Amino acid sequence: MYDNVVDSSRDMTLLEVLDRVLNKGVILVGDLVISVADIDLVYVGVKLMLSSVETMEQLKDGKTPAEVKRIAGTSDEF
Amino acid sequence: MNFNKPPMEKLIYAILLNKSETDNLQQVLSGMAGIDKTALNPISFGQISAVYGNFSKSDFAANQAVAIAFAGVIDEVAKHYTLLPMRFGSFMKTSDDIAKMLEQNHDGFLQNLEKVENKFEFGLKVFGDSTKIQEHLKATTPVEEKPLSENEGSKFKIYVNKKLQAHRLEERLLTFADTIVAEITQYLKQMEATSKIRKMASEYILVDGVFLIKKNQQQQLVDAIGALQKQYPEIKFVLTGPWPPYNFVEVKLK
């Protein structure tokens, strides 16, 4: 029943990893020489994560995953 | 035919504490692989070493999959050594440049490495829908409404009164977030952990924190957050880790 909760954990972990490698760590001043081409994907991750939090709330309210997906109009695909 | 190969530059993964001989580090790294199964190489100065891989910067694909692979390499090396992760995309032209950078920043790196030695980073996000929490707070402890007299019942006064109530609810939400932060801080104090905590990071994230704890305190932290989750079932505590100390690097490179 809680498949979506597992999915949200995966999204969350992905987001946490990207946040760390892209925004934290030792910085070479003036020598950071590449840019990350698909940075937008990080923001897609944020939206999915927030959507998953709402999904968790609905699951807690006793709705089945199928009902939640129908209401949200989402799929499990990332 | 063009025999000119693009120059190979050095992608640095991490700076690590290496109290043993460089040869041992070389041996450990030879059992691991970098991004795209490339070799990992060490360069050392004093008690610190940099781990890097050779890549052509022009051919380097800086995308999400590679960023995750980069994090994977750091995780793997962190199983064996205390390290400071480099930010993704940190290239230097030559190994001599890396050696020079290590030499110039040796003390700063060493100081930071000793600070994070035998420690793990954990992340904690506390999720909740602020609107729902406000509704809950309003229902459980209603905000006092000052009754309006006939003269005061103008549209303006009603508007001001509503705004005032909204402001009071906002204050209660902040107080609620403060309570959660205080509870977390109390546990962290017992563990003598270093922490960075942000309150109301967004409408959904009531608390966004990172902690640096001793490796043997991992279960204690998990238990503490588990206890908080039981105490506050209306919000969601998500703990991630253990991570290398990404959020506890404070080096100003020379």
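What follows draws every value from the coordinates through simple rules; no lab data is involved. Worth saying up front: this structure is predicted, and the values here are computed from it rather than measured. Reconstructed Cβ throughout: ideal geometry from the backbone, glycine too, with neighbour counts over all protein chains shown.
Hey, what angle do you get for helix B:95-104 against the long axis of chain B, alpha-carbon based, 0 to 90 degrees rounded to 10?
Helix B:95-104 sits roughly 60 degrees off the main axis of chain B.
May I ask you to compute the full-extension gain from B:Leu174 to B:Lys5, defined as 0.36 nm times their residue separation minus their alpha-carbon distance, rounded to one decimal in nm? Provide the component values of the computation, followed by the final result.
Working: separation 169, 0.36 × 169 = 60.84 nm, distance 5.86 nm.
Once the chain is fully extended between B:Leu174 and B:Lys5, it gains 55.0 nm.
Direction-averaged shadow area of the convex hull around the Cα atoms of region B:149-226, nm²? Kindly include the intermediate steps, with their values, before the conclusion.
On the way: hull surface 28.2 nm².
About 7.1 nm², averaged over all directions.
Please order B:Leu84, B:Leu25 by the number of other Cβ within 10 Å, starting at the fewest. Intermediate results must be reported in sequence, preceding the final value.
On the way: B:Leu84 27, B:Leu25 22.
So the ranking, lowest neighbour count to highest, is B:Leu25, B:Leu84.
Of B:Phe109, B:Phe55, B:Phe122, which is the most mobile in a GNM of chain B whose springs link Cα atoms less than 10 angstrom apart?
B:Phe55
Using only Cα atoms, tell me the angle between helix B:130-140 and the longest principal axis of chain B; keep it within 0 to 90° and round to the nearest 10.
Its long axis makes an angle of about 40 degrees.
Show that you can apply the helix-only estimate: for chain B, add -39,500 (n - 2.57) for every DSSP H stretch of four or more residues, divide by all residues, and state [θ] at 222 nm to the nearest 500.
Working: 7 runs with 106 residues, N = 254.
Taking each H run of at least 4 residues, the total per residue is -13500 deg cm²/dmol.
Could you check the spin-label model distance between B:Asn161 and B:Gln111? Points 7 Å from the Cα along Cα→Cβ, value in nm.
6.0
Pairs to check: B:Lys100/B:Lys189; B:Lys37/B:Lys100; B:Lys57/B:Lys125; A:Lys24/B:Lys163. Give those whose C-alpha atoms are more than 31 Å from each other in this structure.
Values: B:Lys100/B:Lys189 39 Å; B:Lys37/B:Lys100 27 Å; B:Lys57/B:Lys125 35 Å; A:Lys24/B:Lys163 39 Å.
Correct reply: B:Lys100/B:Lys189; B:Lys57/B:Lys125; A:Lys24/B:Lys163.
For B:Ser90, which sequence-distant residues (separation of 5 or more, or a different chain) have an amide H within less than 5 Å of its own amide H, given hydrogens modelled in the peptide plane?
Result for B:Ser90 returns B:Ile12.
Based on other C-beta atoms within 10 Å, arrange B:Lys10, B:Lys132 from fewest to most.
On the way: B:Lys10 21, B:Lys132 12.
By the 10 Å Cβ count, ascending: B:Lys132, B:Lys10.
If you take each beta carbon of peptide B:238-249 and count the beta carbons of other chains within 10 angstrom, what is the mean? Before the final figure, lay out the partial values.
Numbers: counts 7, 0, 7, 1, 0, 4, 3, 3, 9, 5, 1, 4.
Mean partner shielding for this stretch: 4.
Go through B:Ser30, B:Ala61, B:Gln134 and say which Cα lies farthest out towards the positive end of the charge dipole of region B:30-168; charges sit on Cβ, +1 for Lys and Arg, -1 for Asp and Glu.
Looking along the dipole axis, the top candidate is B:Gln134.
Kindly put B:Tyr52, B:Tyr159 in sequence by how many other C-beta atoms sit within 10 Å of each C-beta, fewest to most. Spell out each step's value before the answer.
Values: B:Tyr52 24, B:Tyr159 10.
Neighbour counts put them in this order, fewest first: B:Tyr159, B:Tyr52.
Let me know the mean shielding of B:86-96 by other chains, meaning the per-residue number of their Cβ atoms within 10 Å of its Cβ.
Numbers: counts 7, 10, 10, 10, 8, 5, 3, 2, 0, 0, 0.
The mean count of partner-chain Cβ atoms within 10 Å per residue comes to 5.
Quick check: pseudo-label points 7 Å beyond the Cα along Cα→Cβ at B:Lys138 and B:Glu103, how many nm apart are they?
6.7
For region B:119-248, what is the charge dipole size about the Cα centre, in debye to the nearest 20, if Lys and Arg each add +1 at the Cβ and Asp and Glu each add -1 at the Cβ? Mind dumping the intermediate values first?
Details: 19 positive and 16 negative charges, 56 e Å.
Taking the Cα centre of region B:119-248 as origin, the dipole is about 260 debye.
Once both axes come from the Cα atoms, what is the angle between helix B:106-116 and the longest principal axis of chain B, in degrees from 0 to 90, rounded to 10?
Once rounded, the angle reads 50 degrees.
Taking only Cα atoms and a 10 Å spring cutoff, compute GNM fluctuations for chain B and point out the largest among B:Lys236, B:Lys163, B:Lys125.
B:Lys163
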